[in-house]
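Below: one structure, written as structure tokens.
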Amino acid sequence: MSKHAIHAAAYLGPEGFGNDLTGLRPWPAPLAGPFQRGELDGLHWSLFSASDPSRFLRMDLMCRLGYLAAELLDVNFDALPDASRDRLGVCVESFTGSLDTDIRFAQTPRPSIFAYTLPSTVIGEICIRFRLKGPVLSLIAPDTSGAGALTEATEWLREGGAERVLCLGLEGLNRATAEAINLPEYLRPPAWHAAALLLGHEENTPRARPLPSGSLVEVCRRSVGMPEPT
Amino acid sequence: MDSAVNKIAVAIAGCGAVAATGLGLAPLQRAVAANASALRRREAVLGKTCQSIVAGFVPEEIVESLRAADALHAGSRAYLFAAAAAREAVANAGAIWVAVPPPRRGLVLSTTKANIEALDQLVRQQPVVAIAQRQLQPALLAADLAAACDCRGPVQCVSAACISGLLALQQGAALLRRGLAEVVLVAGVDLISQFVLSGFHTLKSLDPDGCHPFDQARAGLSLGEGAGAILLARRELVAAPRLLLTGTGTSNDANHLTGPSRDGSGLALAMRRALAQAGRLPGQIDFINAHGTGTPFNDHMEALALRSIFGEPVPPFNGSKGIFGHTLGAAGVLETILCVNALQTRMLPGTPRLRARDPVAPESLLAEPRAAARLERVLKVNCGFGGTNAALILEREQP
């Protein structure tokens with residue numbers, strides 16, 4: 001039986017951003033401080049590319065995290081044949097879900113925000129961007145490890161439900177949003193991050209590597225060369 | 001039975017419900033048999049004004065009775081509804097549940113917003129009791145529900161818009177298939193809250209007169225609230241004659257965030273995936289429970305998807321949201337319970353609140369309930385924001 005392999009990995013967090021090819025890069029100086037404090041309004045597409053897609057500007061925080069992490073994988077999904085793209089699953093897990101947008105919507109209901117008050121909306125944005133047809137799954141977890149999404153992704157590959165799986169662990173809550181309603185600490189993520197893995201079967205390509213043990217976030221952090229947390 | 005079905009099928013061991021129809025399966029079954037609607041008109045704050053809406057509210061006397069019986073969770077309607085539905089499903093399963101040790105019992109919760117009323121209160125700086133605040137986080141609500149039901153096996157929480165319920169059933173079946181549990185309690189719950197009402201109001205998705213699925217003059221949806229619970233079990237734990245969950249499938253339209261694809265191809269893909277997993281052909285499906293929100297685009301898209309899979313004639317199908325409204329994260333579970341009921345009673349449910357079928361809908365749309373000449377396999381579908389689609393197949397095990 002074919003073993004599971006990482007085809008690409010990416011990570012964004014307070015420490016920086018990168019993928020398995022580039023390694024971790026630091027944020028530009030004006031953003032590093034705010035990002036470390038959990039002030040995430042500066043998280044824009046323009047950090048990665050000069051051409052801002054108009055969709056990105058409409059997205060909420062969770063969708064931005066997911067979209068950026070998927071882009072940061074640096075995988076040319078468009079080059080996949082339709083048959084393969086139709087067998088590429090998307091699995092997302094989060095503790096925080098859409099809470100940042102939920103709070104903003106509850107404060108000021110606007111139709112353009114409401115569609116983003118679902119933790120699964122990020123799957124829609126990613127599927128539109130890369131023309132993916134699923135299968136799809138959106139999990140809410142009691143922790144921020146992304147372990148459940150990684151387990152599901154490997155099971156899909158083992159059971160034949162998908163040929164490849166884009167697996168995402170997304171956590172983000174603007175500090176100001178949480179503080180505006182005195183949200184209890186235990187309902188806030190301890191830190192923000194976006195971790196993305198493209199998983200598939202073992203392939204003889206330079207980028208493919210065996211899937212090590214560990215949670216989704218741990219695997220992504222290791223893949224970009226970050227040291228193990230002490 | 002073919003080998004594909006043998007490999008993945010799991011059995012339905014019990015069901016429970018709380019909805020606008022009332023507390024328990026019995027009032028729901030009576031409403032289905034009578035083709036009755038439990039949608040009611042009520043005043044609600046929408047935006048900055050108070051307006052009259054038609055929706056499927058759980059009757060206040062039921063909420064009060066649940067609160068009186070569980071003071072600890074009185075501030076969390078989401079918990080009260082889910083726990084009541086779960087208790088009924090477990091009670092219906094009887095000895096099956098009792099025989100399985102707690103570490104081999106799993107739970108999967110489906111919800112879009114969990115106890116969202118707590119957020120409304122936090123934003124308005126109103127006092128919120130700790131448990132209601134905690135259960136704003138869906139996975140913590142799932143954990144509390146699992147503890148109350150003595151499920152010490154795997155616990156998951158699915159939140160994927162209006163396909164959450166079918167996804168939760170898919171996940172429950174997967175936990176059984178992977179040998180991680182002997183039984184899995186799948187519960188779906190959502191509330192009509194200020195948050196949810198405001199959202200659908202701002203999108204202009206609500207029909208001021210209440211929903212009319214597949215009607216030529218349909219103008220939007222009606223929200224509903226409540227919970228459904230289905231106990232899934234390894235097939236050999238349930239005595240024959242058994243009802244089996246044999247296939248599930250999901251897809252994404254990759255088209256639009258809040259509107260369905262115009263050609264129904266995404267939903268058709270989910271149906272094809274479910275049929276493939278069940279090892280069935282379209283011609284083996286005897287009845288379909290549609291998503292049927294009553295919005296012009298959704299029902300049109302579904303009609304196209306059904307025709308693309310089944311051709312003509314499409315098997316008999318109905319829309320159930322005229323009974324208890326669109327219950328969002330609970331919809332997939334509650335509507336699957338209606339499919340279980342149809343298989344058990346061999347009665348096809350009708351489409352309450354239908355006045356005149358839209359010609360775009362296949363002629364096999366069931367306006368009224370009727371006895372089924374043949375009812376062995378049922379297809380259930382749901383669609384949701386973000387372009388998500390899901391399908392599930394239930395069938396009567398053949399001797």
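The values are calculated or read from the model by the stated rules, or taken from the named source; none is laboratory data. Note that the structure is a prediction, hence the values are computed from the model and not measured. Glycine gets a Cβ as well: all are built from the backbone with ideal geometry, and neighbour counts include every protein chain shown.
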task = Can you work out which of the residues in the stretch B:35-66 that are more than 20 Å from the chain's Cα centre (by Cα) and small (Gly, Ala, Ser) is nearest to the other protein chains (Cβ to nearest Cβ)?
result = B:GLY47
ask   = For the stretch A:101-108, does any single residue satisfy the condition of being modelled with pLDDT of 95 or more, under 16 Å from the mean Cα position of the chain (by Cα) and among the polar types (S, T, N, Q)?
value = no
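Pick from B:SER205, B:SER265, B:SER222, B:SER261: which is surrounded by fewer than 24 Cβ atoms within 10 Å (Cβ to Cβ), among the polar types (S, T, N, Q) and within 29 Å of B:PRO369 (Cβ to Cβ)? Spell out the reasoning first.
On the way: B:SER265 fails: within 29 Å of B:PRO369 (Cβ to Cβ); B:SER222 fails: surrounded by fewer than 24 Cβ atoms within 10 Å (Cβ to Cβ); B:SER261 fails: within 29 Å of B:PRO369 (Cβ to Cβ).
B:SER205 is the lone residue from the list that is surrounded by fewer than 24 Cβ atoms within 10 Å (Cβ to Cβ), among the polar types (S, T, N, Q) and within 29 Å of B:PRO369 (Cβ to Cβ).
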ask   = Tell me, which strands (runs of 3 or more DSSP E) lie completely within the stretch A:133-202 with 1 or more residues that are farther than 16 Å from A:ASP100 by Cα and within 12 Å of chain B (Cβ to nearest Cβ)?
value = A:136-140, A:164-171
ask   = Is the stretch B:78-87 home to any residue that is out of contact with any His (no Cβ under 9 Å at 6 or more places or on another chain) and surrounded by fewer than 24 Cβ atoms within 10 Å (Cβ to Cβ)?
value = yes
inquiry  = So in the stretch A:109-120, with the set limited to residues that are out of contact with any Lys or Arg (no Cβ under 8 Å at 6 or more places or on another chain) and either touching a residue at least 40 places away in the same chain (Cβ under 8 Å) or more than 7 Å from every other protein chain (Cβ to nearest Cβ) (or both), which one is nearest to A:ASP86 (Cα to Cα)?
reply    = A:PRO119
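Just to check your reading of the model, which residue among A:ARG131, A:ARG175, A:ARG158 is modelled with pLDDT under 95 and on the phi > 0 side of the Ramachandran plot? Let's see the steps before the verdict.
On the way: A:ARG175 fails: on the phi > 0 side of the Ramachandran plot; A:ARG158 fails: on the phi > 0 side of the Ramachandran plot.
Answer to the check: A:ARG131.
Scanning the stretch A:211-229 for residues that are over 16 Å from the mean Cα position of the chain (by Cα) and without any contact (Cβ under 8 Å) to a residue 12 or more places away in the chain, which turns out farthest from A:ALA9 (Cα to Cα)? First the steps, then the outcome.
Keep residues of the stretch A:211-229 that are over 16 Å from the mean Cα position of the chain (by Cα), which gives A:211-214, A:225-229.
Subsequent filtering for residues that are without any contact (Cβ under 8 Å) to a residue 12 or more places away in the chain retains A:212-214, A:227-229.
Values: A:PRO212: 12, A:SER213: 14, A:GLY214: 14, A:PRO227: 16, A:GLU228: 16, A:PRO229: 18 Å.
The extreme case among them is A:PRO229.
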ask   = In the stretch B:224-267, what count of residues is obtained for those that are under 29 Å from B:THR345 (Cβ atoms), within 14 Å of chain A (Cβ to nearest Cβ) and not in a strand (DSSP E or B)?
value = 1
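Say whether the condition of being among the β-branched types (Val, Ile, Thr), within 19 Å of the chain's Cα centre (by Cα), more than 24 Å from B:GLN133 (Cβ to Cβ) and not in a loop (DSSP other than H, G, I, E, B) is met by at least one residue in the stretch A:82-95.
Step one: of the stretch A:82-95, the residues among the β-branched types (Val, Ile, Thr) are A:90, A:92.
With within 19 Å of the chain's Cα centre (by Cα) added as a condition, the list becomes A:90, A:92.
If we keep only those that are more than 24 Å from B:GLN133 (Cβ to Cβ) as well, we get A:90, A:92.
Retained after the next criterion (residues that are not in a loop (DSSP other than H, G, I, E, B)): A:90, A:92.
Yes: one or more hits.
Go through the stretch B:65-76 and report how many residues are in contact with a strand residue (DSSP E or B) (Cβ under 9 Å, 6 or more places away or on another chain) and either within 20 Å of B:ARG134 (Cβ to Cβ) or surrounded by 24 or more Cβ atoms within 10 Å (Cβ to Cβ) (or both). If you could, list the steps in order and put the result at the bottom.
Our first condition is that a residue be in contact with a strand residue (DSSP E or B) (Cβ under 9 Å, 6 or more places away or on another chain); within the stretch B:65-76, this holds for B:65-66.
Next, from what is left, pick out any that are either within 20 Å of B:ARG134 (Cβ to Cβ) or surrounded by 24 or more Cβ atoms within 10 Å (Cβ to Cβ) (or both): B:66.
The number of residues fulfilling the criteria is 1.
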query = So, of the residues in the stretch B:90-137 that are in contact (Cβ under 8 Å) with a residue 60 or more places away in the chain and touching a Pro at 6+ places or on another chain (Cβ under 7 Å), which turns out to be surrounded by the fewest Cβ atoms within 10 Å (Cβ to Cβ)?
reply = B:GLY106
request  = Would you point out which residue out of A:ALA147, A:ALA208, A:ALA195 is more than 29 Å from B:VAL123 (Cα to Cα), surrounded by fewer than 21 Cβ atoms within 10 Å (Cβ to Cβ) and at pLDDT 95 or above?
outcome  = A:ALA147
task = Determine whether the stretch B:353-363 contains at least one residue that is surrounded by 24 or more Cβ atoms within 10 Å (Cβ to Cβ) and touching a strand residue (DSSP E or B) at 6+ places or on another chain (Cβ under 7 Å).
result = yes
task = Answer yes if at least one residue in the stretch B:69-79 is part of a helix (DSSP H, G or I), closer than 30 Å to B:VAL238 by Cα and either of a type in the set (D, E, K, R) or in contact with a Cys (Cβ under 8 Å, 6 or more places away or on another chain) (or both), and no otherwise.
result = no
ask   = Would you say B:VAL90 is hydrophobic (A, V, I, L, M, F, W, C) and over 30 Å from B:GLY199 (Cβ atoms)?
value = yes
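One line per residue, one yes/no per condition, for (1) assigned to a helix (DSSP H, G or I); (2) in contact with a Leu (Cβ under 8 Å, 6 or more places away or on another chain); (3) outside the structural domain of B:ALA217 (by TED's automatic domain parsing); (4) farther than 27 Å from B:THR21 by Cα:
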position	(1), (2), (3), (4)
B:LEU275	yes, yes, yes, yes
B:THR293	no, yes, yes, no
B:HIS300	yes, no, yes, yes
B:ALA305	yes, yes, yes, yes
B:ASN318	no, yes, yes, no
B:ILE323	yes, yes, yes, no
B:ALA330	yes, no, yes, no
B:GLU335	yes, no, yes, no
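Could you grab me the full set of residues in the stretch A:40-54 that are under 24 Å from A:ARG175 (Cα atoms) and modelled with pLDDT of 75 or more? Steps first, please.
Residues of the stretch A:40-54 that are under 24 Å from A:ARG175 (Cα atoms), as a first pass: A:40-48.
Once the filter is applied, which keeps residues that are under 24 Å from A:ARG175 (Cα atoms) and modelled with pLDDT of 75 or more, the stretch A:40-54 yields A:LEU40, A:ASP41, A:GLY42, A:LEU43, A:HIS44, A:TRP45.
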task = Kindly establish whether A:ILE123 is within 8 Å of chain B (Cβ to nearest Cβ) and part of a helix (DSSP H, G or I).
result = yes
query = Right, B:THR295: touching a Gly at 6+ places or on another chain (Cβ under 7 Å), away from every other protein chain (no Cβ under 14 Å), farther than 28 Å from A:ARG131 by Cα and touching a residue at least 24 places away in the same chain (Cβ under 8 Å) or not?
reply = no
